[in-house]
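Only the coordinates and a few stated rules stand behind these numbers; no lab work does. As the structure is a computational prediction, the values presented were derived from the model and not from experiment. All Cβ positions, glycine included, derive from the backbone under ideal geometry; neighbour counts span all protein chains shown.
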């Protein structure tokens, strides 16, 4: 059973085709880098795989189940590019990370939530932020909190959208070490990267998109210049859609 099975995936947003006929099969335990120039459709593809944006056509199965309520979402972790607005409500790192333990079937966090959240933050070297408000953090600190929020689930499938944006190199290395432990435990990882960089030792396979189509699926390219920085695809502006009720929680609202 593959962690991801996607067949002939098409996504249209604002009347424009963004993803065009993508096939993607990711076996358990594999680490896949999704590469491509800005506007190539990388983020839209992963959001479609998670049910956050609708498919125009095609089929997706996650952890053996068709996309929808049957997917064991508690076993899926997701790290978006940036932290969503929290509606002005003060929110601590603890609350954000604990929200990663909630899903459609679990409305209350477990009793050991603080210990688990602190351990996830410690894996990234930022356990001192546990009671800090995220509104007071730098962009890099916020990103580490989002990563901890995904790691606290100990997911079977982890999807990351440029997770190291705004994070310094020593912290990137700390994150790669944490990711290595998950991989060694059998976690499947799909990660959107701008550059392979410190992820190079982890990557089993690279999938490169151009204009919404797969143009390479195989061994990862060199760590630098792997996706053609000179190419600038046009980004089609569109509003970020709301996540599905039974899908992964991509917002920062915390259930009381």
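Brief remarks follow.
- FRET efficiency, 1/(1 + (r/R0)^6) with R0 30 Å, evaluated for residue 65 and residue 213 via beta carbons: 0.70
- Global size of region 114-197 as Cα Rg and Dmax, reported in angstrom: 12.2, 35
- Extending 7 Å from the Cα toward the beta-carbon at both residue 180 and residue 194 defines two label points whose distance is 2.4 nm.
- Working from label points 7 Å from Cα in the Cα-to-Cβ sense, the residue 56 to residue 8 distance is 1.4 nm.
- For region 20-82, the Kirkwood hydrodynamic radius comes to 13.1 Å, computed from all pairs of different C-alpha atoms.
- Net lengthening on full extension, residue 154/residue 1 (0.36 nm per residue, minus Cα-Cα): 53.2 nm
- Inter-label distance, residue 168 to residue 81: 2.5 nm, where each label sits 7 Å from its Cα along the C-beta direction.
- FRET efficiency, 1/(1 + (r/R0)^6) with R0 22 Å, evaluated for residue 135 and residue 115 via beta carbons: 0.35
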